[in-house]
1. Can you tell me which residue within the range 45-57, out of those that are in contact (Cβ under 8 Å) with a residue 24 or more places away in the chain and closer than 13 Å to residue 91 by Cα, is surrounded by the fewest Cβ atoms within 10 Å (Cβ to Cβ)?
2. Which pairs do you get when a residue that is in contact (Cβ under 8 Å) with a residue 24 or more places away in the chain and over 16 Å from residue 53 (Cβ atoms), found in the range 68-93, comes within reach of a residue that is of a type in the set (Phe, Trp, Tyr) and surrounded by 13 or more Cβ atoms within 10 Å (Cβ to Cβ), reach meaning Cβ atoms under 9 angstrom, with the pair 6+ apart or on two chains?
3. Are any residues in the range 96-120 among the hydrophobic types (A, V, I, L, M, F, W, C), in a helix (DSSP H, G or I) and closer than 12 Å to residue 52 by Cβ, and if so, which ones?
4. Just to be sure, is residue 118 exposed (fewer than 12 other Cβ atoms within 10 Å of the Cβ), out of contact with any helix residue (DSSP H, G or I) (no Cβ under 6 Å at 6 or more places or on another chain) and of a type outside the set (A, V, I, L, M)?
5. Output the residue which, of all residues in the range 96-107 that are touching an Asp or Glu at 6+ places or on another chain (Cβ under 8 Å) and not hydroxyl-bearing (Ser, Thr, Tyr), is surrounded by the fewest Cβ atoms within 10 Å (Cβ to Cβ).
6. Just to check your reading of the model, which residue among 112, 172, 145, 141 is at pLDDT below 80 and under 21 Å from the mean Cα position of the chain (by Cα)?
7. Can you confirm whether residue 60 is polar (S, T, N, Q), surrounded by 14 or more Cβ atoms within 10 Å (Cβ to Cβ) and modelled with pLDDT of 85 or more?
8. Among the residues of the range 83-95, is there at least one that is aromatic (Phe, Trp, Tyr), surrounded by 10 or more Cβ atoms within 10 Å (Cβ to Cβ) and part of a helix (DSSP H, G or I)?
Amino acid sequence: MSKRYCSLLPASFRHFFTALVLLACSGFSSAIAALEPNAAFEKHVNNLAQELRCLVCQNQTIADSQAPLALDLKNQVREKLAQGAADSEVIDFMVQRYGDFVLYRPPVKNTTWVLWFGPFLLLLLGLIGLFVKLRQQATPTEAHTPAALAQAAALLAHVDVQHSDKYFLSDTP
């Protein structure tokens with residue numbers, strides 16, 4: 001049956017069609033081969049993007065974030081790497097532009113002490129405040145001195161004497 005359809009076409013057209021199919025197949029194979037280096041390049045971009053913090057989300061890397069700024073930063077990383085910049089050059093560029101905060105693991109130095117030790121300092125201050133508050137509640141205040149207690153007892157006795165007739169009256173109103 002295929003012979004019948006092939007015989008309807010001129011031989012030159014059959015050769016042209018065969019060459020076109022072979023060319024298309026070779027184009028697909030070269031496209032697939034071209035994607036493999038791009039896949040490796042994208043993996044390299046993502047690995048480097050894992051080292052940079054999203055400035056909008058702050059708890060995600062630019063590789064994980066879908067914020068527009070994170071996508072722009074990731075594109076900048078991609079462009080710098082495509083231009084042939086080394087990883088350290090790309091990171092230095094981002095730090096120069098956005099500061100140490102852009103690093104997901106900022107280095108310990110004078111300008112980043114707050115980032116590294118701030119949470120521990122706040123925890124320590126909170127514990128000291130709690131300790132002071134508990135100490136204040138545990139110590140007796142001046143209102144509980146023996147003279148103050150005697151004065152309170154005398155006032156209660158005086159109130160009981162004045163109002164005792166209200167509580168112990170007969171059943172008649």
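The values are calculated or read from the model by the stated rules, or taken from the named source; none is laboratory data. If you're wondering where the values come from, they're calculated on a predicted model, not measured in any experiment. Here the Cβ is made from the backbone with ideal geometry for all residues, glycine too, and neighbour counts use every protein chain on show.
1. 50
2. 78/41; 81/41; 82/41
3. Scanning the range 96-120 gives 101, 102.
4. In short, yes.
5. 105
6. Every option except 112 fails the conditions.
7. Spelling it out, residue 60 is indeed polar (S, T, N, Q), surrounded by 14 or more Cβ atoms within 10 Å (Cβ to Cβ) and modelled with pLDDT of 85 or more.
8. Yes.
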